[in-house]
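Here the structure comes first, spelled out in structure tokens, and everything after it is commentary.
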Amino acid sequence: MLEEIRISGLGIIESSTLELGPGLTVVTGETGAGKTMIVTALGLLLGGRGDAGSVRKGKKAARVEGVIDARSLPAVVEATEEAGGEVEEGRVLVARTVAAEGRARAYVGGATVPVATLGSVTSPLVAVHGQSDQHRLLQPRAQRDSLDRFGGDAVAKLIAAYADIHAELHKVERELDEVTTHARERAQEADLLRFGLGEVEEVSPESGEDVTLAQEEEKLGYADTLRTAAEHAREALSSEIDAPDALGAISAARQALDGVREHDPDAASLADRLAEVSYLLSDLAADVASYATAIETDPARLAVVSERRAALTALTRRYGETIDEVLAWAETGAKRLLELDSDDDRIEELRGERTRLRAALADAGLALSAARTDAAGALAEAVSDELTGLAMPHARLVVDVRQKEADAPASEDESHAPLKVGSGRTQRWLRYGSNGLDEVELLLAANTGSEPRPLHKGASGGELSRVMLAIEVVLAATSPVPTFVFDEVDAGVGGTAAVEIGRRLAHLARTAQVLVVTHLPQVAAFADHHVAVEKTSDGVVTSSGLTVLDDESRERELSRMLAGLTASDTAIAHARELLEVARSAKA
């Protein structure tokens, strides 16, 4: 439940606080005083679109804050904590700012959150109805949604089951369309894959073979050069002819130092190190000699390696940078070819699955239609009873649930063909959608003996207001919302009908918090809390503020609404009479 709304810098409201309690709260005021700004403020708290043009002139930003009593709303507490906000003594502070330059910010429990998160926390708590909702009620989808809400969990479960099957059928049909429509492209793809895999299979490359052969070809191509370099290196280390070599030079240096070893320890150390170098050079000379001996010139092997490398290079030009990438492509291509080659089997499998799902969807759709038809009768009866209490004693609401038949398709294999229900003489083909087989329409017979007609043809503006209110009162008992907000839904209504609207709003307020912006004194008289929007001006700036009225102030406000006079004894008497009628009715 909303406990408080604080508004600053919004429209002509500079700064005001609206305290809300249980029951029925009405907001009244002169035309243009800013009553609708309260609904605008609520819209911002519910995550609605922020309009920089609504920021009060001279203010940097408009700000709206709300206090939610969440002690009996565990979902709100959980959502707040998930958003990083805090719940203090069972209450959650929500806020929204709209800057004059257009930026908007939202807060839940003191934490900054996206506007969508604010809306997800608050929108389930409040149902806002304005004159625009009367036009929404004329739309077939809104009428179907109202029936489904009334149907409760029983209808909701059937809708969910139908939606699951519909989604699965849509997926199967989409895949089937993909397979059949692109059959030629898939066949071409399969041919290219076969050709490529054949080339790879013919060469039969091994992982890393391209690198190994490149190294071998390099060695074979430079065999003479490598052997010559090795011989020169061996001779430089240890020559078999009378020529200077490294071992000879090291040996001479060692002998020179060995001759003075006994005279200086440092000379002895250097001689030892030269001995170690001599041993290493001897081993190295032997290794170089072995390397030179092992190098062979093999033109035949070089030709084989070059030819093999050419075959591998042809593969890497087409299927990958390296042979390892070529092998990876071949593995993936083989799997894809297997998939493409199984298209015919897959098509038959998908067609069978489609047939099964269409039959299941028809069954689910018929079950949903039956449940909607049952709910339609109960909704029509309940709303008609409410209309009787709203000064429309002869009005009758009819909730028409029907299916739209279609011609039989040339083939049941057609994608998105109508659904077949029944068999034999009872067989029908019905159109279907994601919400079922049904078209739902609300019809109103406003007078005894008149034929039910669509709302947009059979209801005036005032009658439409009452129909909408009656539906909300009925739906409130099946899917309660903590707070209802009505913005001048009583437009076009007066007299006895206005009194009955006030009575029904007061009845709704027994089980929910109700906030009504109204221009009718008959409705305002039923309020548990009466708030007046008062406009003041200093000749330069116009401002509006909210004032909670006591009994005496209420009488004056009602007399103003009745006769445009606040000091007329007759108007005051009439206002007192209205208040007494309302008290008696509520009692």
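The values are calculated or read from the model by the stated rules, or taken from the named source; none is laboratory data. Everything numeric here is computed off the predicted structure, so don't read it as measured data. Here the Cβ positions follow ideal geometry from the backbone for every residue, glycine too, while neighbour counts run over all protein chains shown. Calculation scope for accessible area: heavy atoms of the full protein, side chains included, ligands and nucleic acids excluded. Shrake-Rupley method; radii C 1.70, N 1.55, O 1.52, S 1.80 Å.
Below are the figures for this structure:
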| read-out | value |
| --- | --- |
| Strands (runs of 3 or more DSSP E) within segment 1-111 that include 2 or more residues out of contact with any helix residue (DSSP H, G or I) (no Cβ under 8 Å at 6 or more places or on another chain) and not aliphatic (A, V, I, L, M) | 2-10, 13-19, 61-69, 91-99 |
| 1 or more residues open to solvent by less than 50 Å² (accessible area, probe 1.4 Å) and modelled with pLDDT of 85 or more: qualifying helices (runs of 4 or more DSSP H) within segment 112-214 | 115-122, 140-181, 183-203 |
| Unmet criterion (only one of (1) modelled with pLDDT of 85 or more; (2) open to solvent by 50 Å² or more (accessible area, probe 1.4 Å); (3) more than 27 Å from the chain's Cα centre (by Cα)) for Ala62 | (2) |
| Within segment 292-340, tally of residues that are open to solvent by 80 Å² or more (accessible area, probe 1.4 Å) and closer than 24 Å to Glu189 by Cβ | 9 |
| Residues that are surrounded by 24 or more Cβ atoms within 10 Å (Cβ to Cβ), in a loop (DSSP other than H, G, I, E, B) and at pLDDT 90 or above, drawn from segment 512-562 | Ala525, Phe526, Ala527 |
| Failed condition for Arg466, given (1) within 37 Å of the chain's Cα centre (by Cα); (2) closer than 27 Å to Arg136 by Cα; (3) surrounded by fewer than 23 Cβ atoms within 10 Å (Cβ to Cβ); (4) basic (Lys, Arg) | (3) |
| Only one of Ala360, Ala364 that is open to solvent by less than 80 Å² (accessible area, probe 1.4 Å), touching a Phe, Trp or Tyr at 6+ places or on another chain (Cβ under 7 Å), within 21 Å of Val172 (Cα to Cα) and of a type in the set (A, V, I, L, M) | Ala364 |
| From Ala445, Ala406, residue being open to solvent by less than 50 Å² (accessible area, probe 1.4 Å), at pLDDT 85 or above and either out of contact with any helix residue (DSSP H, G or I) (no Cβ under 9 Å at 6 or more places or on another chain) or not aliphatic (A, V, I, L, M) (or both) | Ala406 |
| Residue satisfying all of: in segment 448-463; small (Gly, Ala, Ser) and assigned to a loop (DSSP other than H, G, I, E, B); most open to solvent (accessible area, probe 1.4 Å) among these | Gly449 |
| All positions within segment 86-111 that are among the hydrophobic types (A, V, I, L, M, F, W, C), open to solvent by less than 40 Å² (accessible area, probe 1.4 Å) and more than 25 Å from Gly11 (Cα to Cα) | Val92, Ala111 |
| Test result for Val421, under 26 Å from Leu46 (Cβ atoms) and either of a type in the set (Val, Ile, Thr) or in contact with a Lys or Arg (Cβ under 7 Å, 6 or more places away or on another chain) (or both) | no |
| Candidates Leu93, Leu18, Leu42, Leu73 - the one that is in contact with a Pro (Cβ under 9 Å, 6 or more places away or on another chain) and touching a residue at least 24 places away in the same chain (Cβ under 8 Å) | Leu73 |
